[in-house]
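Structure, as structure tokens:
Please treat every number below as a calculation from the coordinates, not as lab data. This one's a predicted model, so the numbers in the text were calculated from it and none came from an experiment. Cβ sites come from the backbone with ideal geometry, for glycine too, and all protein chains shown count toward neighbours.
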């Protein structure tokens, strides 16, 4: 893979910039809460994105230095290759006459490029074929009209006009480009600004010829070309700016949600920690987050020596008003329960492994028991199918 | 080959001469009227980096043009330079031009092509010289 840096100096500058950008993020992460690190990272990334957006908008407005490129000339020194880029103006007799004139100059090859001008809307709605057929028909008519079939060739392109011209450079290597438009853009015509964009990109002479129905070719003066360039550049820059603004809004919303989530989760953790600390300070028994237990028939031997049904845990410690999760595996084939009528508790424990919620609002010590008829002795003795709930 | 020339038409004429001599070309108007040249900033300049040879015709009465030449000498010391120079050059410019192929300004496209060919040689038809 090719290095994106042009020199060691650039790579060094990039590393320094990266370190400078990371320092505040690392400091915020080390010294402040997590959300602050997220905010600082977002600010650093935002500054970078703003700088890139600014540069991109300058480029779109034509305020950046642009380097024009061109491949070597192809053919002998007397040969000349002219690329003509047109769409709806191919119907104009004046343009066809100009092509014919060029082709009649000895050693001149002409290539007609017809961008089909497929909008993203047409791509989405499947209207591509119609536009391609239209461009193909215009090219065919023009080639038939001009003749000189060994010297004049052409093709249509689905690509954006500027990209299409760039692609043509790979195969045709023109020595001159003629961009043919109307004074103002029409639905099936090239934009007048195209000539200016082509001039900025390619190191070959570019002529902008304007054809209006029935009239001869005209060339816009420098002021008109500058106006086309300014208006189109300004429009493109504003469009890009709006997109960047929308993206910034979405990112800001995502960032704020993330910060809110982090803050909320940190608050929950802090609250739980402070509650645990307060409970510890008050000498209250610790409360488990989830209590795992089972109900097993003939699980525990009684004082008389016989085995009785039992819950494996019969003492529960809960906080008043706070739900307590119980994961109970009832291995018996019948249901059992944890019932305290005066506390409003009646958990029916179904056979199998299920999760239940135990909630008691008033502090106190409550005797619970199983209301389903099973082991009668065990139902009357705490530690078997009965026990205590301590609420603090 | 990279051609740095502030005048669009002359730059294109030199580019055309070089193209017909078999070289791929890039043409840059230089820093004048465009604020800072990327070559003198942190972004760098890809065409200058990729160039096998640079033709500098920026006119060196401006400090910005000298800065470009200075950066080219510093960043790409192995890239040959053909520089159009005025008749009266000061000591600072004299030092900058040390080791460059000099052409008296204004040079014709033909003179530039000859100078490039003397430094770089004729490009082969199979592998044209890159910009």
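Points to keep in mind about this one:
- Global form of the stretch B:2-120, assessed from the alpha-carbon gyration tensor, a/c cut-off 1.5: rounded
- Bridges between two residues of chain A, per DSSP, are antiparallel at a rate of about 45%.
- Angle between chain A longest axis and helix A:161-172 axis [Cα atoms, degrees, rounded to 10]: 60
- Shown for B:8, B:67: other C-beta atoms within 10 Å of each C-beta, ranked fewest to most, produce the order B:8, B:67.
- Ranked list, fewest to most other Cβ atoms within 10 Å of each Cβ, for A:14, A:240: A:14, A:240
- Within the stretch A:290-391, DSSP assigns beta bridges of which about 70% are antiparallel (rounded to the nearest 5).
- For A:314, A:331, order by how many other beta-carbon atoms lie within 10 Å, fewest first: A:331, A:314
- Cα long-axis angle, helix A:222-281 against chain A (0 to 90 degrees, to the nearest 10): 10
- The mean number of Cβ atoms from other chains found within 10 Å of a Cβ in peptide B:10-22 is 4, as a whole number.
- Value of [θ]222 nm, deg cm²/dmol, for chain B, DSSP H segments ≥ 4, -39500 (n - 2.57) each, nearest 500: -11000 deg cm²/dmol
- Its DSSP H runs of at least 4 residues, each contributing -39,500 (n - 2.57), put the calculated 222 nm mean residue ellipticity of chain A at -15000 deg cm²/dmol, to the nearest 500.
- For the protein assembly as shown, the alpha carbon convex hull comes to 272 Å³ per residue, rounded to a whole number.
- Whether the stretch A:80-220 is rounded, prolate or oblate, judged on the alpha carbon gyration tensor where a/c under 1.5 counts as rounded: rounded
- Nearest 10 degrees, 0 to 90: helix A:34-60 Cα axis against chain A principal axis: 10
- Cα centroids of the stretch A:85-130 and the stretch A:214-288: 43 Å apart.
- Among B:92, B:50, B:78: highest mean-square fluctuation, GNM of chain B, C-alpha pairs under 10 Å: B:92
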